[in-house]
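First comes the structure, then the notes that go with it.
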Amino acid sequence: MSATGIGASVRRKEDLRFLTGRGNYTDDINRPGQTHAYILRSPHAHAKINAIDISAAQAAPGVIAIFTGKDMAADALGGLPCGWQIHSRDGSPMKEPGHPALVVDRVRHVGDQVAVVIAESLGQAKDAAELIEVDYAPLPAIAHPGKALAGAAPQVWDEAPGNLCYDWIIGDEAEVDAVLKGAHHVTRIELTNNRLIPNAMEPRAAVGEYDRSTGDYTLYTTSQNPHVIRLLMGAFVLHIPEHRLRVVAPDVGGGFGSKIYHYAEEAIVTWASAKINRPIKWTAERSESFMTDAHGRDHVTTAQLAMDKDGKFLAFKVDTIANMGAYLSTFAPCVPTYLYATLLAGVYKTPKIFANVRAVFTHTVPVDAYRGAGRPEATYLVERIVSQAAREMGLDQAELRRRNFIKREEFPYQTPVALVYDSGDPAGCLDKALKLADYAGFEARRKEAAARGKYRGIGFSTYVEACGIAPSAVVGSLGARAGLYECGQVRVHPTGSVTVFTGTHSHGQGHETTFAQLVSDKLGIPIENVDVVHGDTAKVPFGMGTYGSRSLAVGGVAIDRAMDKVIAKAKKIAAHLLEAAEADIVFENGEFSVAGTDRKKAFGEISLAAYVPHNYPITELEPGLEETAFFDPLNFSYPGGAHLCEVEIDPDTGVTEVVKFTAVDDFGRVINPMIVEGQVHGGLAQGIGQALLEACVYDEDGQLITGSFMDYTMPRADNLPNFSLDTHNVPAPDNPLGVKGCGEVGAIGSPPAVINAIIDALSPLGITAISMPATPPKVWQAIRSARPSVAAE
Amino acid sequence: MAISVSMTVNGKTVSGDVEARTLLVQFLREQLQLTGTHVGCDTSQCGACVVHIDGESVKSCTVLAAQVNGTSVTTIEGLANNGTLHPMQEAFREHHGLQCGFCTPGMVMSAIDLVKTHPKPDEHTIREWLEGNICRCTGYHNIVKAIKAGAEKMSAA
Ligand code: FES
Ligand code: FES
């Protein structure tokens, strides 16, 4: 292994600019003549707009223009499109109401866009917005998914009776019911997957610019997938052909899913920049992020797991209500279906599974994919019910899991819910984690904690997830309206340095380093000679962006394939220069040599010949050395692992401290261990945050109660432990690089480990369930209710 | 209503006209184009905006530009010395203490201030100190490691 090749913890190339304040985030961009937009938003969860009076605002100092939904409608603009269509069990397509960038006559969630004020300064735009008079007639609202289907619930859309978006199933219900009926034991669970607010630290921002000399538009935006935004906004909303629209996603300060989607503000600033003939910048304030970024999770579920007398799983039945919010965000409908229900087998050989998912509209901001997207919800359900089953059956947590694990040699494994896991070793991961966590010593630690007056518990989560999305043909058959391949372009310059163009986008993942390692390793050139370019539709040929842990598993392979083409062409040039047969040319360590001889040419000599083709096979070969590859995988990528969480609970305060967190994950093959560990750390923090701290709360009237960092608890440094990590890598046969995704596993595996640990700690009190987030008041209350005698003290 | 302000920023004297409501962070980002200092919230919670005013870490979204007239301000852009990274910057790089980089300037500025009062901070002290700095990417594990290492280097220097 070279110091900069595959497997090395190369320090990141991108760090220097971030550490010296030279990053280039969207809000750092200022265009000549730039104006500022402020968006007036609905204070109501649901209201009819009788009238909007902008006259006073228009006369305010510095105001250039004010637009409302009527102005956009007059230009016959489209609504924000949804990229995935789900069909209900009766074959009917999901209900897909319109999603205007600026509403016309009705608002459907707090924060809905009502008008945009464009002024010389942001201060002037805000001042003017206060002068806009909107005559609202407030209407009753519904926020809770569990209540949205009730007959008397306020309706979000006339075209979606009962607030039902779709009623989707997978599996054979009658078959599963029959097994449940005759089973030795059935474990039942009811749980909520709490609604989360992604809160990437960089608020969303957009700068729109129209070039009147060419008629071209440029949008700078905080996006994880600029080409997707170009496609969605250009084709569906603004009707601008792709060659007239450039989308740039420069440095982006975290995404976690929330920056995948096409948002109204992007369309508004782009469209309006032509109207006023000046660039327009909009940057979200954090309170706007809270009420307009797509949220995550928000499921209400009941489930039953049937077992035989030995604890072997026989059947699993799941009923889930998933909140879509007021409108369908870009990928929302696929999250609780194809990214959730297809993972309900987990790492177990449950032969029969049935799931019914009903997606509902509510008067809340749209819900879409958030780190893990569907797989955390599935994993939380499966690992909670498995842990509960072990307690009910009186079996050790590890033992019940082992009895049901898919064994290493049983991969590839066809689950009853559509997926074929290509490789894995659940038992191997668990064994390693148990050792690393000193499971054998746990009971002693529990006793020692009890002596200090603390409840100590250990929680298990053994998971698998499907990422690296995805095979286009598969997702297409499941309702995706786009392909999910990736593009990589490798441009070898005359001197032998290389620029890589990737359709993925890095917003913290370190692609500029990891992808440069791939190139340095394969082409045998110094890593300093490799530059990775992403995030600009004018530079990168095409791309589907970064989400679903797909960048390396899909985008990395595209780069690798492009390098194969570069090497193939370079071999032809080398054969010519070395006067040898092409078949005799060997490429190794950056040198082309004739097999069995000492005749060779360095990589840079070949690239130079490609661009200075004086002595060149010009009749057979074009000059230049630049290749593009598109890669569409044949299967998803299946990382998995075992997460063990140890907590200590203070009965006097209800505070849960994560004292130890062990994660052993299977990533197939690791390119940069340092970066991969960082990804796991970040995912674990978000998962532990979901389990202990984070909750998005709407009140009965649809008002967002947790609208700032003062009300929504973000994980802070003192809420988290040091993590104890290891890997147990089983190469992925279905991936040409052998890699599996790593970006989301932390958020997928950890929440059930934490909650199972709390339940384990409190089980001596007879407590068998606690909901997320397990905040101190909730835990304290649970302890008091379980120990009434203590409460009376 | 414009107010004239003058201060030293990263060793250079700067002056400008600001509105009474202009925050220091706005003055730095918009008038001086020092965009390394970030804005991550509107409730003074995230710490992305931390700079040093006369050597002490301050959230630059909580002070008005007019209030710091006559002071000496250091931002993330002013830390490296002729291209040599400050030991704390170097430690963040070495220990992968940053991912998207958005919280990073505030983290680094805050960490340097910590070391002033705690030359050898232990993990607990570091985690408590970071109460006012939120990172959504790293899970803090490597930030804590970086600050420990950075503190050691600073104390050794
Ligand atoms: S911007 Fe968040 S604390 Fe200053
Ligand atoms: S590195 Fe992204 S928020 Fe800290």
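The values are calculated or read from the model by the stated rules, or taken from the named source; none is laboratory data. Please read all numbers here as calculations on a predicted model, not as lab measurements. Virtual Cβ from ideal backbone geometry, glycine too; neighbours counted across all protein chains shown.
Across the stretch B:72-83, which residue is nearest to ligand 1 (Cβ to nearest atom) among those that are surrounded by fewer than 18 Cβ atoms within 10 Å (Cβ to Cβ) and either modelled with pLDDT of 95 or more or within 8 Å of chain A (Cβ to nearest Cβ) (or both)?
Restricting to residues being surrounded by fewer than 18 Cβ atoms within 10 Å (Cβ to Cβ) and either modelled with pLDDT of 95 or more or within 8 Å of chain A (Cβ to nearest Cβ) (or both), the top hit is B:Ser72.
Only one of these is over 18 Å from the mean Cα position of the chain (by Cα), more than 16 Å from ligand 1 (Cβ to nearest atom) and surrounded by fewer than 18 Cβ atoms within 10 Å (Cβ to Cβ): B:Lys116, B:Lys153. Name it.
Only one candidate passes the filter, namely B:Lys153.
Suppose we filter A:Asp666, A:Asp701, A:Asp726, A:Asp734 for residues that are more than 16 Å from ligand 2 (Cβ to nearest atom), buried (at least 24 other Cβ atoms within 10 Å of the Cβ) and among the charged types (D, E, K, R); which single one remains?
From the options A:Asp666, A:Asp701, A:Asp726, A:Asp734, the qualifying one is A:Asp666.
Answer with yes or no whether A:Ala73 is in contact (Cβ under 8 Å) with a residue 12 or more places away in the chain and assigned to a helix (DSSP H, G or I).
So A:Ala73 fits the description; yes.
Might you check whether a residue that is touching an Asp or Glu at 6+ places or on another chain (Cβ under 9 Å) and of a type in the set (A, V, I, L, M) occurs anywhere in the stretch A:611-627?
So far as the stretch A:611-627 goes, no, none of its residues is touching an Asp or Glu at 6+ places or on another chain (Cβ under 9 Å) and of a type in the set (A, V, I, L, M).
Consider the stretch A:674-702. How many of its residues are in a helix (DSSP H, G or I) and more than 10 Å from chain B (Cβ to nearest Cβ)?
4
Could you list, in sequence order, all residues of the stretch B:124-143 that are facing chain A (nearest Cβ under 7 Å) and surrounded by fewer than 21 Cβ atoms within 10 Å (Cβ to Cβ)?
Those that are facing chain A (nearest Cβ under 7 Å) and surrounded by fewer than 21 Cβ atoms within 10 Å (Cβ to Cβ): B:Glu128, B:Glu131.
Among A:Val335, A:Val248, A:Val269, A:Val300, which is buried (at least 23 other Cβ atoms within 10 Å of the Cβ) and in contact with a strand residue (DSSP E or B) (Cβ under 7 Å, 6 or more places away or on another chain)?
A:Val269 is the lone residue from the list that is buried (at least 23 other Cβ atoms within 10 Å of the Cβ) and in contact with a strand residue (DSSP E or B) (Cβ under 7 Å, 6 or more places away or on another chain).
Limited to the stretch B:12-41, what total is found for residues that are within 9 Å of chain A (Cβ to nearest Cβ) and outside any helix (DSSP H, G or I)?
12
Could you check the stretch A:388-496 for helices (runs of 4 or more DSSP H) lying wholly inside it with 1 or more residues that are among the charged types (D, E, K, R) and in contact with a Gly (Cβ under 6 Å, 6 or more places away or on another chain)?
Of the helices (runs of 4 or more DSSP H) lying wholly inside the stretch A:388-496, those with at least 1 residues that are among the charged types (D, E, K, R) and in contact with a Gly (Cβ under 6 Å, 6 or more places away or on another chain) span A:397-404.
Inside the stretch B:87-107, can you point out the residues that are more than 7 Å from chain A (Cβ to nearest Cβ) and within 16 Å of ligand 1 (Cβ to nearest atom)?
Result: B:Gly106, B:Met107.
Count, please, the residues in the stretch A:124-149 that happen to be in a loop (DSSP other than H, G, I, E, B) and under 30 Å from A:Asp319 (Cβ atoms).
Of the residues in that region, 7 qualify.
How many residues does the stretch A:120-155 hold that are closer than 30 Å to A:Arg31 by Cα, under 34 Å from the mean Cα position of the chain (by Cα) and either outside the structural domain of A:Val107 (by TED's automatic domain parsing) or among the charged types (D, E, K, R) (or both)?
1
Given the conditions (1) under 30 Å from A:Leu704 (Cα atoms); (2) assigned to a loop (DSSP other than H, G, I, E, B); (3) touching a Ser or Thr at 6+ places or on another chain (Cβ under 8 Å), and given that A:His36 satisfies all but one, which numbered condition is not satisfied?
(2)
Which ones in the stretch B:42-67 are more than 10 Å from chain A (Cβ to nearest Cβ) and within 7 Å of ligand 1 (Cβ to nearest atom)?
Correct list: B:Cys49, B:Lys59, B:Ser60, B:Cys61, B:Thr62.
Go through the stretch A:199-273 and tell me which strands (runs of 3 or more DSSP E), entirely inside it, have 2 or more residues that are among the polar types (S, T, N, Q) and within 20 Å of A:Phe542 (Cα to Cα).
Where strands (runs of 3 or more DSSP E) fall fully within the stretch A:199-273 and carry at least 2 residues being among the polar types (S, T, N, Q) and within 20 Å of A:Phe542 (Cα to Cα), they are A:216-221.
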